[in-house]
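Structure, as structure tokens:
The values are calculated or read from the model by the stated rules, or taken from the named source; none is laboratory data. Since the structure is predicted, the reported quantities are computational estimates derived from the model, not experimental observations. Every residue, glycine among them, receives a Cβ derived from its backbone with ideal geometry; neighbour counts consider all protein chains shown. Just so you know, the surface numbers come from the protein's heavy atoms only, side chains and all, with ligands and any DNA or RNA stripped out. Shrake-Rupley method; radii C 1.70, N 1.55, O 1.52, S 1.80 Å.
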Protein chains: 2
Amino acid sequence: MQSIEEQAWQLLEESIIYYRGRPVGTVAANDVSQSALNYDHCFIRDFASSAFLFLIKGRYDIVRNFLEETLRLQPKKEKLDAYTPGRGLIPASFKVVSINGKEYLESDFGENAIARVTPVDSCLWWIIILRAYVKATKDLQFALQPEFQEGIALIMELCLATRFDMYPTLLVPDGSCMIHRRLGIYGYPLEIQALFYAALRAARQLLVCAGDEEIVIGIDKRLPLLQNHIRQHYWIDINRLNVIYRFKCEEYGLTAINLFNIYSDSIPYADLAVWLPKNGGYLAGNVGPSQLDTRFFSLGNLMAIISSLVSEQQSQAIMTLIEAQWEDLVGTMPMKICFPALEKEEYRIFTGCDPKNIPWSYHNAGNWPVLLWILTAAAQKTGRKNIAKNAMELAENRLSEDEWPEYYDGARGMLIGREARRYQTWTITGFLLAKELMLHPEYLELFSFEEFDVENAGYACNL
Amino acid sequence: MQSIEEQAWQLLEESIIYYRGRPVGTVAANDVSQSALNYDHCFIRDFASSAFLFLIKGRYDIVRNFLEETLRLQPKKEKLDAYTPGRGLIPASFKVVSINGKEYLESDFGENAIARVTPVDSCLWWIIILRAYVKATKDLQFALQPEFQEGIALIMELCLATRFDMYPTLLVPDGSCMIHRRLGIYGYPLEIQALFYAALRAARQLLVCAGDEEIVIGIDKRLPLLQNHIRQHYWIDINRLNVIYRFKCEEYGLTAINLFNIYSDSIPYADLAVWLPKNGGYLAGNVGPSQLDTRFFSLGNLMAIISSLVSEQQSQAIMTLIEAQWEDLVGTMPMKICFPALEKEEYRIFTGCDPKNIPWSYHNAGNWPVLLWILTAAAQKTGRKNIAKNAMELAENRLSEDEWPEYYDGARGMLIGREARRYQTWTITGFLLAKELMLHPEYLELFSFEEFDVENAGYACNL
């Protein structure tokens, strides 16, 4: 009889997409009981955990093919247009189509997606995957090829381009990341900022300086600004909550302390004061004009630890919070995509009455097994292995019994997601990658970063 | 004894800011009873109506000086940074400061503003004012100077640059226009799109082709896309409401009809079905993923008429709606900045509990006399002079008696705004400009546009 792990590896193998005979990615889900819709696509964000596993197992070819093919899908010219993907974007997903017996890759940049959401995170994940490939294979030459240098530079230009505002964060529309439906995450959502930081770190290591000095200088300027902005303005712990609670408002001028003019009446300060443990804290979901979204978003917080966007002390505080509020943030299945759910009027207003995102379901505080690997990685990086161990114990048997569902519902994650597919690839890879990271903490290096130090950062061209 | 008009002209004269002996702008308000804060600044958006009046009266020098000085404040380089204004931006406002007896202009790009909001509209208004200057003086050479060509091109580059999404509209943060506080107008708010369209039209007339072909081509591509997008996806009348009401949801793929996946439960369809007159209609406040903001925003709708962003038929429908719902949209003081007010939970969630934007006050459905000129201009353009006449009758005596307040409060605009300044310059210029436009419809040309026709548009370089 197969072990759960053996079963999972086999399912991963079966999820591989072949294009003209070569493996190029993995399907989102392999659930024959439901119509495919776009679950037969390879999503860039979903493939990240597949990629890290293939790299760990020495299956470099799949990741290399994936990087080469998706790079070909990136638009290389035309910047003054609309209704066509912007130069530098990486599609949300692609699939193999067959026309007259010949195979082609069909990409989706959001023009097919429900509500036409933009996959801002794709280009950020793409750079993170590319760096992992170079780390695993030690083949820097691969990333130094001119077409890859151009691809990285185009993404950086898109991210670093002059915009209307002066924050170091990225302004994006609602639903532009893993949460790809409207959920009140317009503006400067944490998930995008954490991925942006990791992608900046990765790009800096991969870009050859010659010819791209302006971009490299831009990255070096942006990294500390972004880091300070997030560490200062997104951070919430009991001390910071007390400062926010007592903020003066309507301050005009450069000396303002309440920079974003947050009215503490808009914050659930009483609930938070009870919920926050003494040494715990986390990054807010969003910060903008008179806006502080105090929801906890898991991917953003955990990626902030892994990429060293937050300080060592803040990293520990986030893990302390997860441990202290385990029932809320993990419950019976690691782990909640965000907490708490939008309910009642907030649900109605922020989601636009989305029936898929009802309270405690799907993106609106559902539990997502894929997050197991990111939780495990953050636990390893902070030396809090017990957290990873406890999470794995919850997930291990149940995932296999439930046939690897996409997500779970309910305040504690007790229900299989109402519209969840079975055999969701990133549920499988989330489990497998967590297993690998527990046994081999050294694999963390594939996608983690130490504290940024501009003096000693070094460049690819110095290697 | 002075007539009201004579008084208003004198107050406008007294609002002029002098810089090194030359007139360069007008202060926001001249209310000695309250602390100045930033009301002693010249705001670019506020100055537009002053500029049109000065041009009408042949006072070209002030407008020329304004354009030259603000152009000097525009950042010309550096695009890969943060916490400094982006290349191409025009500041929200400026003031004259004196250091060691020498005068300097100090600009504010939002770094001083409450909640650090970004003045996206400034650069759009700036181009509109520049075109009006050229129209009035017939001095095209002024705009053809290299530094002005560069200034226009930088603004266009900022607006037309590749972004993450594929809409032809501009993605902006909340509070980036006349409504410069959080009010749920993040994303693609109508006011910005209407000003963007007018600025594109103006830039196209002013840009020399040589050297800027890419930008001119970009403008020609964007104009029809933007126009169609707004006319189709922002339009609401009873027929369109019925389509929205019966939308299928969760459509995947290119054939989707409900492109933005709007759930009709999120729309106050029952109220709207009663409120919309048979031949009336208007442009929605915002359209995004699962988002259709059905509030009526006056500046956006009226500017859409003036710039021919909407069709002739749609223009008539908007004026029909204003006439039919006069009590709601105009009440006792022309006119509401938006309608209806955000109340209860919507107020709390969208404004972040802003005490200045309580329901039926200030930006949240207050009445703003400055809109009188834009209403009058739209009435003239559509041949609906009675609307302008009725509006003027409401405003004329009351404004002077109330000492020209910034705004009015209450569902019908019966109360002087709770925190309104007196002697607000754009209240005064709104009244004077409306007067001029009623007597001399030909002045409309300064800032209006006929239907765009790419075939017969012509370029500055052809003149």
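Starting at the first residue of segment B:395-404, write each ³J(HN,Hα) from the Karplus equation 6.51 cos²θ - 1.76 cosθ + 1.60 with θ = phi - 60°, in whole Hz, x for Gly and Pro.
Listing the rounded values in order: 7, 3, 6, 5, 4, 5, 4, 8, 6, 6 Hz.
Going by accessible area, probe 1.4 Å, with all protein chains left in place, what is the ranking of A:42, A:249, largest first?
On the way: A:42 0, A:249 50 Å².
Descending order: A:249, A:42.
When ligands, DNA and RNA are left out and all protein chains stay put, how many square angstrom of accessible area per residue does the protein assembly as shown have with a 1.4 Å probe?
Numbers: 32200 Å² over 926 residues.
For the protein assembly as shown, the solvent-accessible area averages 35 Å² per residue.
Report the far tail of the P(r) of the protein assembly as shown, meaning the percent of Cα-Cα pairs longer than 51 Å.
Summing the P(r) tail past 51 Å for the protein assembly as shown gives 19 percent.
How are the Cα pair distances of segment B:322-364 distributed, in percent, across 10 Å bins from 0?
Here the calculated profile for segment B:322-364 is 31, 45, 23, 1.
Report the residues of segment B:386-416 in range of a label on residue B:343: point 7 Å along Cα→C-beta, backbone N strictly under 18 Å from it.
Within reach of a label on residue B:343, which here means backbone N under 18 Å from a point 7 Å along Cα→Cβ, segment B:386-416 contributes B:409-415.
How many Cβ atoms of partner chains, on average, are near each residue of B:112-125 if near means within 10 Å of its Cβ?
5
Using only alpha carbon positions, build the gyration tensor of chain A, then give the equivalent ellipsoid semi-axes as the square roots of 5 times its eigenvalues, largest first, whole angstrom.
Listed largest to smallest, the semi-axes of chain A are 31, 28, 22 Å.
What percentage of the solvent-accessible surface of segment B:4-451, computed with a 1.4 Å probe over protein heavy atoms, is contributed by carbon and sulfur atoms? Working shown, then result.
Details: 7540 of 14810 Å².
The nonpolar share, carbon plus sulfur, comes to 51 percent.
Suppose only helical runs count, i.e. DSSP H with n ≥ 4. What mean residue ellipticity at 222 nm does that imply for chain A under -39500 (n - 2.57) per run, divided by all residues and rounded to the nearest 500 deg cm²/dmol? Let's see the in-between values first.
Working: 17 runs with 202 residues, N = 463.
Helix contribution divided over all residues of chain A: -13500 deg cm²/dmol.
Tell me which residues come under 5 Å, amide H to amide H, from residue A:296 once H is placed; ignore anything under 5 positions away on its chain.
Hits under the 5 Å cutoff: A:339.
Modelled label-to-label distance, residue B:451 and residue B:217, 7 Å Cα→beta-carbon offset: nm?
2.8 nm
Calculate the spin-label point distance for residue B:385 paired with residue B:40, positioning each point 7 Å from the Cα along the beta-carbon direction, and give it in nanometres.
4.5 nm
How far, in nm, would the chain grow between residue B:238 and residue B:140 when pulled straight, counting 0.36 nm per residue and subtracting the alpha carbon separation?
That pair, residue B:238 and residue B:140, stretches by 30.8 nm at full extension.
Place the label 7 angstrom along Cα→C-beta at residue A:103 and in each other copy, then list the distances from the first to the rest in nm, shortest first.
The projected label point of residue A:103 is separated from its counterparts by 7.3 nm.
Pull up all non-local amide H partners of residue B:187: gap of 5 or more, or a different chain, and H-to-H distance under 5 Å with H placed in the peptide plane.
Correct list: B:172, B:174.
Counting only residues 5 or more places away or on other chains, whose amide H sits under 5 Å from the amide H of residue A:235 once H atoms are built in the peptide plane?
A:284
May I ask you to report, in nm to one decimal and beginning with the shortest, the distances from residue B:20 to the same position in the other copies, taking label points 7 Å along Cα-to-Cβ?
Label point to label point, same position, other copies: 6.4 nm.
Between residue B:453 and the same site in the other copies, what are the distances in nm, shortest first, taking label points 7 Å from Cα along the C-beta direction?
Its label point is 6.8 nm from the equivalent points in the other copies.
At 7 Å along the Cα-to-beta-carbon direction for both residue B:324 and residue B:397, put a label point, then send me their distance in nm to one decimal.
Modelled inter-label distance: 3.2 nm.
Need one word for segment B:257-373: rounded, prolate or oblate. Basis is the Cα gyration tensor (sqrt eigenvalues a ≥ b ≥ c); a/c below 1.5 gives rounded, then a/b vs b/c decides. Kindly include the intermediate steps, with their values, before the conclusion.
Details: a/c = 1.61, a/b = 1.05, b/c = 1.53.
Since a/c reaches 1.5 but b/c is at least a/b, the shape of segment B:257-373 is classed as oblate.
Hey, got the average number of other protein chain Cβ atoms within 10 angstrom for residues in B:152-165? All intermediate terms of the calculation are to be shown ahead of the outcome.
On the way: counts 0, 0, 1, 0, 1, 4, 4, 2, 4, 9, 16, 12, 20, 14.
Neighbouring Cβ atoms belonging to other protein chains average 6 per residue here.
Given the rotation relating A and B, tell me which residue in A puts its Cβ closest to the axis and the distance in Å.
A:345, 2
Partner chain Cβ atoms within 10 Å, averaged over the residues of A:282-292 - can you pull that number for me?
Counting Cβ atoms of other protein chains within 10 Å of each residue's Cβ and averaging gives 5.
Gain in length, residue A:33 to residue A:439, computed as 0.36 nm per residue apart minus the alpha-carbon separation, to one decimal in nm?
Residue separation times 0.36 nm, minus the Cα-Cα distance, leaves 142.7 nm.
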